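The next block holds one structure in the form of structure tokens; read it before the comments.
Since every read-out is calculated from the coordinates, none of them should be taken as a lab result. Quick caveat: nothing in here was measured; it's all calculated off a predicted structure. With ideal geometry, Cβ positions are generated from the backbone for all residues, glycine too; neighbour counts draw on all protein chains shown.
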Amino acid sequence: MNKLHSLKLEETKKNREKAQSIFKNLRDKICSTLEEVENQGSHKKNSFISNVWNRKGGGGGESNNLRGAVIEKSGVHLSTVFGSLPLGALDSDKSVNTDQFWATGISVIVHPKNPFAPSVHMNLRMLVTNDYWFGGGADITPMLHSKRKSSDPDTLIFHDSMRHACEKYPSIKYEKLKENCDEYFYIKHRNERRGLGGIFFDKLKSEETSQDLLFLNDVGYNFIESYKKILVSNISKDWNDDHRAEQLHYRGRYVEFNLMYDKGTIFGLKTGGNIDSILSSLPPIVSW
């Protein structure tokens, strides 16, 4: 093992354990909340199905998937992987001068059945090479043209929750993270945004790692609390075939971004992660 990497692993041991604990607690919170919404007023109970997987190169994770009547598809995944760092896994970042890595994270994607309910995504991670940092974010993607505007109530609720997650940490600037998100979730070949943004950050590392970890926890908690409100307000709305066709159209844009530009997808595939978990972000039904 690379000596500098080994030393950094020892230095970050407690913080790595804390990050894993935060992500597991968020997984439990998110899964239970989505199951609650899915099964309100239903005699048939749909639950997340869990699958533990091991990575050949080191580490593994747990995939949790839900297919239901309200939530057409959702994935809530944990992973902790380590070992040799493949070329290009970190987007050819020349500042990473090592061939070893350790990474832990949580990834969440929700695609509701009702076209009026937006899809959402969240990813939080800690990565260690010869240094360490945090990354991730959360974003909202309305699937109807009429709702793809910044003044839409769902978008306002979601962005307000992300702003509150940032505002009590002096080193975190919400407007910058919002700008990062708008720039990142952009479909270049279509010259259009994937959705209506949120926050996105990478290489986050302040002088107080404990504050960075609290920030990650706040992002995750605010994400699911705000999305629960959004889901509940939309899942009973009447919709028709035209609404469904529009939803499937925008899901196509979602697929194009995730397969061509998403760094998490690229990192997962290049480092030998679980294929089903990596591609679970793709909608179950889509059209072009």
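Here are the numbers:
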read-out: For segment 174-230, the Rg and Dmax computed from alpha carbons only, in angstrom; value: 13.7, 40
read-out: Calculated [θ] (222 nm, deg cm²/dmol) that DSSP helices of n ≥ 4 give over the chain, each run adding -39,500 (n - 2.57); value: -13500 deg cm²/dmol
read-out: Segment 3-274, dipole about Cα centre (Lys/Arg Cβ +1, Asp/Glu Cβ -1), debye to the nearest 20; value: 460
read-out: 3J(HN,Hα) from dihedral phi, segment 190-204, Karplus parametrisation 6.51/-1.76/1.60, rounded to Hz, x for glycine, proline; value: 9, 6, 8, 7, 5, x, 10, x, x, 9, 8, 8, 8, 6, 7
read-out: Among Pro170, Pro112, Pro86: highest mean-square fluctuation, GNM of the chain, C-alpha pairs under 10 Å; value: Pro170
read-out: The chain: angle of helix 209-234 to the longest principal axis, Cα-based, in degrees nearest 10; value: 10
read-out: Residue-span extension gain [Trp53 to Asn65] - 0.36 nm each, minus C-alpha spacing; value: 3.0 nm
read-out: GNM flexibility winner over the chain from Gly195, Gly83, Gly137 (Cα, springs under 10 Å); value: Gly83
read-out: Stokes-Einstein D (µm²/s) once Rh is taken as the Kirkwood radius of segment 220-288 over alpha-carbon pairs, at 20 °C in 1.002 mPa s; value: 150
read-out: Farthest toward positive dipole pole in the chain [+1 Lys/Arg, -1 Asp/Glu at C-beta], among Leu259, Gln40, Leu248; value: Leu259
read-out: Nitroxide proxy distance, nm - points 7 Å out along Cα→Cβ at Asn25 and Glu256; value: 4.1
read-out: Among (1) 51, 44, 41; (2) 60, 38, 35; (3) 64, 46, 32, the entry that matches Cα extents along the principal axes in Å as calculated here; value: (2)
read-out: Hull volume in cubic angstrom per residue (convex hull over the Cα atoms of segment 106-243); value: 116
read-out: Proxy reagent accessibility, fewest Cβ within 10 Å first, across Leu66, Leu269; value: Leu269, Leu66
read-out: Local net charge near Tyr169, Cβ-Cβ under 10 Å (Lys/Arg +1, Asp/Glu -1); value: -2
read-out: Lys/Arg +1, Asp/Glu -1 at C-beta; segment 3-274 dipole; positive extreme among Pro153, Val81, Leu177; value: Val81
read-out: Flagged links, alpha-carbon separation over 27 Å, of Lys29/Lys188; Lys149/Lys203; Lys73/Lys147; Lys24/Lys188; Lys147/Lys176; Lys24/Lys229; value: Lys29/Lys188; Lys149/Lys203; Lys24/Lys188
read-out: Residue order, fewest to most surrounding Cβ atoms within 10 angstrom, among Leu196, Leu216, Leu204, Leu7; value: Leu7, Leu204, Leu196, Leu216
